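> Could you have a look at this structure, given as structure tokens, before my questions?
The values are calculated or read from the model by the stated rules, or taken from the named source; none is laboratory data. This one's a predicted model, so the numbers in the text were calculated from it and none came from an experiment. Neighbour counts run over all protein chains shown; Cβ positions are idealised from the backbone, glycine included.
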Amino acid sequence: MSLEARVTMGSRGVDARLGVEDGSTLAVLGPNGSGKSTVLAAIAGTVRPAGGSVRLGAEVLHDLDARRATWTHPRRRRVALVTQGDDLFPALTVLDNVAFGLRSRGWGKADARAQSRSWLARAGLADVADRPARELSGGQARRVAIVRALASRPRVLLLDEPFAGVDVEAAAELRALIARETRDVTTVLTTHDPLDARLLADRVSVLDAGTVAESGSVDAVLSTPRTPFAAAMAGRVLVRGAADGDAVVTHEGARIPADASALAHGAPAAVAVTPIGVTLGASPGDPRSVTDVVVGIEGRGDAVRVRGAVLAADVDVAALDVTVGDTVVFIVPEGLTAYSA
């Protein structure tokens, strides 16, 4: 079922609107404190917001803005929320944890346990079915929590930072599980990692300071970001200014070579530049050069990111010969295209 939600909670600075098509997955990106967990909890009904509404298909789960406010209890929503805490019952076995959701929906004990064993086998967890949940690793506990949610056959699945706190191998297993088992389930997941959006989502919404700053297809948001956070998530540097034919001119007067011919002269424009494609030049004579001042130098594995006031470049450690405060010349890659800001 399609999901439409508006969540307002002034005490937490949240006023956000989200929409998810039936059977599709929405990735909600945003920094810590942007309101992602609050929005999911309001949709699930575990937190009662100050205002807003949640609609699932034609059904209104709550409407707090109506003259006579309506509210559906979380147990009656059939909306499954998997939090970062997993919320497993530590003394129960893994099998009984998964069966709990089905039992709460009225399934008999034998049928619920049989169905739960089937789900655990599908998730590669059959060998831990009879172990107490408290004995699980972090990655196993997260998989069990997701399996329990899926086994309850929710109309909407909400995943709050499903890969937080688990190692790389466990995260890969979780991604595979979610991709495989949510093909026909309306799903919302929150994340900091653009890889999650690329692999799992159909659309992306970027939450910033409690509101949706931008929303669209995964490719559109990550390739033409309109907020610095979305650009950083995509591994790019966002430069905003005015269109000027073959460049974007910043408010400070820096001229970034990029094809802006599709935009009216002087129109608000942006260009997203990937630091790995930017090099340090010797002089400003190159037509693709941008003179800048180094404001920071950060380690990036085998490379070093030289961050300027406008641009950034990833350079080899052995080639680093600048320091903070130096004037540098960045050479941007060919083929940059400006877009409307």
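> With the range 1-90 as the region, which strands (runs of 3 or more DSSP E) entirely inside it contain at least 1 residues that are within 18 Å of the chain's Cα centre (by Cα) and at pLDDT 95 or above?
3-9, 14-20, 25-29, 79-82
> Right, residue 50: free of Cβ contacts under 8 Å to residues at least 24 places away in the same chain and within 30 Å of residue 221 (Cα to Cα) or not?
Spelling it out, it is not the case that residue 50 is free of Cβ contacts under 8 Å to residues at least 24 places away in the same chain and within 30 Å of residue 221 (Cα to Cα).
> Residue by residue through the range 198-246, note down the ones that are closer than 15 Å to residue 31 by Cα and part of a helix (DSSP H, G or I).
Correct list: 228, 229, 230, 231, 232, 233.
> What are the pairs with Cβ atoms under 8 angstrom where one residue, in the range 166-179, is not assigned by TED's automatic domain parsing to the domain that holds residue 156 and the other, located anywhere, is surrounded by fewer than 19 Cβ atoms within 10 Å (Cβ to Cβ)? Sequence gap at least six, or different chains.
Qualifying pairs under 8 Å: none.
> Oh, and also: Give the residue, chosen from 110, 145, that is buried (at least 17 other Cβ atoms within 10 Å of the Cβ), more than 19 Å from the chain's Cα centre (by Cα) and modelled with pLDDT of 90 or more.
On inspection, the qualifying residue turns out to be 145.
> Are any of the residues in the range 267-286 assigned to a loop (DSSP other than H, G, I, E, B) and surrounded by 19 or more Cβ atoms within 10 Å (Cβ to Cβ)?
Yes, the range 267-286 has at least one match.
> Taking the range 163-209 as the region of interest, how many residues are at pLDDT 90 or above, under 16 Å from residue 230 (Cβ atoms) and among the small types (Gly, Ala, Ser)?
Total satisfying the criteria: 3.
> Another one. Within the range 154-178, can you find the residues that are under 24 Å from residue 38 (Cα atoms), in a helix (DSSP H, G or I) and not β-branched (Val, Ile, Thr)?
Those that are under 24 Å from residue 38 (Cα atoms), in a helix (DSSP H, G or I) and not β-branched (Val, Ile, Thr): 171, 174, 175.
> Here is a follow-up. Could you check the range 130-139 and list, in sequence order, the residues that are crowded, with 19+ Cβ neighbours inside 10 Å and free of Cβ contacts under 8 Å to residues at least 40 places away in the same chain?
Answer for the range 130-139, where residues must be crowded, with 19+ Cβ neighbours inside 10 Å and free of Cβ contacts under 8 Å to residues at least 40 places away in the same chain: just 139.
> Restricting attention to the range 235-242, does a residue exist that is surrounded by fewer than 20 Cβ atoms within 10 Å (Cβ to Cβ), in contact with a Gly (Cβ under 8 Å, 6 or more places away or on another chain) and of a type outside the set (A, V, I, L, M)?
no
> Please state which of the following conditions residue 293 fails to meet, knowing it meets all the rest: (1) in contact with an Asp or Glu (Cβ under 9 Å, 6 or more places away or on another chain); (2) surrounded by 19 or more Cβ atoms within 10 Å (Cβ to Cβ); (3) not in a loop (DSSP other than H, G, I, E, B).
Single failed check for residue 293: (2).
> Looking for whichever is under 17 Å from residue 174 (Cα atoms), outside any loop (DSSP other than H, G, I, E, B), touching a residue at least 12 places away in the same chain (Cβ under 8 Å) and outside the structural domain of residue 43 (by TED's automatic domain parsing) here; the options are 120, 95, 150, 102. Which one fits?
Selected residue: 120, the only one of 120, 95, 150, 102 that is under 17 Å from residue 174 (Cα atoms), outside any loop (DSSP other than H, G, I, E, B), touching a residue at least 12 places away in the same chain (Cβ under 8 Å) and outside the structural domain of residue 43 (by TED's automatic domain parsing).
> Across the range 298-341, which residue is surrounded by the fewest Cβ atoms within 10 Å (Cβ to Cβ) among those that are over 29 Å from the mean Cα position of the chain (by Cα) and in contact (Cβ under 8 Å) with a residue 40 or more places away in the chain?
Applying the filter and picking the extreme gives 334.
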